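Novice: Have a look at the structure that comes next, please.
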Amino acid sequence: MEANAAATQADAKKILLSVNNIEVIYDHVILVLKGVSLEVPEGGIIALLGANGAGKTTTLKAISNLLRAERGEVTKGSILFEGGQVDRLTANDLVKQGVVQVMEGRHCFEHLTIEDNLLTGAYTRKDGRAAIQQDLEMVYNYFPRLRERRTSQAGYTSGGEQQMCAIGRALMSRPTMILLDEPSMGLAPQLVEEIFEIVKKLNETEGVSFLLAEQNTNVALRYADYGYILENGRVVLDGEAAALRDNEDVKEFYLGVSGSERKSFRDVKHYKRRKRWLA
Ligand SMILES: Nc1ncnc2c1ncn2[C@@H]1O[C@H](COP(=O)(O)OP(=O)(O)OP(=O)(O)O)[C@@H](O)[C@H]1O
Ligand SMILES: [Mg+2]
């Protein structure tokens with residue numbers, strides 16, 4: 001009974017972003033995404049998982065229309081945000097509509113201070129200084145480290161502070177959804193946790209939805225509601241985060257933990273089985 005009610009409630013959740021069977025080609029010939037579909041519900045944290053080169057960044061750039069700069073093109077399928085087609089919008093128009101991407105490698109303007117970096121995130125807004133100032137305060141409340149470093153040149157701050165600055169700058173555009181590419185990259189485990197905790201808090205308190213690309217399956221599945229696993233430009237598995245964490249293949253190939261008891265030699269011989277989704 002209760003489970004049914006919960007299921008109905010989940011079904012009723014509005015779909016914010018829907019990516020429908022998209023194909024992406026670079027340089028007119030290199031087929032990288034071979035029919036990727038995914039959904040981000042309103043208020044969700046959705047993980048896009050997969051190894052090096054699986055197509056995570058390409059998927060995020062296809063959504064935020066940043067592919068053209070890389071000679072990439074969506075050649076099939078459609079992308080809808082709040083029910084409207086976004087394929088033809090510029091990245092700037094998308095920011096105005098509430099979709100902002102935090103790029104892989106935490107791009108900050110190195111020669112600007114942390115505060116000036118954050119302020120650049122508000123460039124599409126027309127609601128005046130007071131509102132922007134208020135949001136700056138909000139960002140500092142979520143990221144106290146940034147308040148401490150507000151006058152420091154971004155290029156001289158730590159990797160973690162730069163990642164926080166990149167997320168903070170995205171927040172300054174008052175987004176509905178943030179596309180977050182590899183936030184854990186190159187950061188110590190404790191900082192990774194700190195950043196994911198803030199993502200969770202932003203999601204719960206500010207209602208920001210996240211589509212986050214991560215190679216760090218373990219941490220992503222602890223914070224996300226739902227995940228998609230990409231391999232070679234295709235979604236090979238998707239499901240609730242808890243179900244993915246329990247999936248034997250995900251454990252074996254992405255979480256680096258296999259069965260608790262030690263395997264016998266005979267088992268080891270048969271150990272290199274194919275993933276179920278390739279069988
Ligand atoms: N501008 C480009 N031109 C040609 N091929 C590209 C381009 N950008 C990416 N690719 C190729 O597309 C594939 C997917 O790359 P993508 O960056 O989307 O993967 P990823 O899942 O984000 O990987 P990583 O975890 O290493 O960031 C790779 O084979 C990559 O070499
Ligand atoms: Mg990437």
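Novice: With L33, L38, L48, L60 as the choices, which residue is within 16 Å of ligand 1 (Cβ to nearest atom), modelled with pLDDT of 95 or more and outside any strand (DSSP E or B)?
Specialist: L60 is the lone residue from the list that is within 16 Å of ligand 1 (Cβ to nearest atom), modelled with pLDDT of 95 or more and outside any strand (DSSP E or B).
Novice: Out of curiosity, is E231 buried (at least 16 other Cβ atoms within 10 Å of the Cβ) and within 12 Å of the chain's Cα centre (by Cα)?
Specialist: no
Novice: Could you figure out which of (1) modelled with pLDDT of 95 or more; (2) under 25 Å from A170 (Cβ atoms) isn't true of R68?
Specialist: Among (1) modelled with pLDDT of 95 or more; (2) under 25 Å from A170 (Cβ atoms), the lone unmet condition for R68 is (1).
Novice: Do you know which residues across the stretch 203-218 are within 16 Å of ligand 2 (Cβ to nearest atom) and assigned to a helix (DSSP H, G or I)?
Specialist: Passing the criteria: only T217.
Novice: Return the pair list, or none, for Cβ contacts closer than 6 Å from residues in the stretch 76-105 that are closer than 19 Å to V208 by Cβ and without any contact (Cβ under 8 Å) to a residue 40 or more places away in the chain to residues that are among the aliphatic types (A, V, I, L, M) and not in a strand (DSSP E or B), at least 6 apart or on different chains.
Specialist: Once the first residue is closer than 19 Å to V208 by Cβ and without any contact (Cβ under 8 Å) to a residue 40 or more places away in the chain and sits in the stretch 76-105, its partners that are among the aliphatic types (A, V, I, L, M) and not in a strand (DSSP E or B) give A91/L66.
Novice: Any residue that is over 26 Å from K14 (Cα atoms) and among the basic types (K, R) - is there at least one of those in the stretch 129-136?
Specialist: So far as the stretch 129-136 goes, yes, one or more of its residues are over 26 Å from K14 (Cα atoms) and among the basic types (K, R).
Novice: A follow-up question, please. Could you go through the stretch 248-257 and let me know if any residue there is in a strand (DSSP E or B) and on the phi < 0 side of the Ramachandran plot.
Specialist: Scanning the stretch 248-257 turns up no residue that is in a strand (DSSP E or B) and on the phi < 0 side of the Ramachandran plot.
Novice: All but one of (1) surrounded by fewer than 22 Cβ atoms within 10 Å (Cβ to Cβ); (2) more than 16 Å from ligand 1 (Cβ to nearest atom); (3) under 22 Å from Y228 (Cβ atoms) hold for T75; which doesn't?
Specialist: (2)
The values are calculated or read from the model by the stated rules, or taken from the named source; none is laboratory data. Values in this document were obtained by computation on a predicted structure and should not be read as measured data. Positions of Cβ are generated from backbone atoms using ideal geometry, with glycine treated the same way; all protein chains shown enter the neighbour counts.
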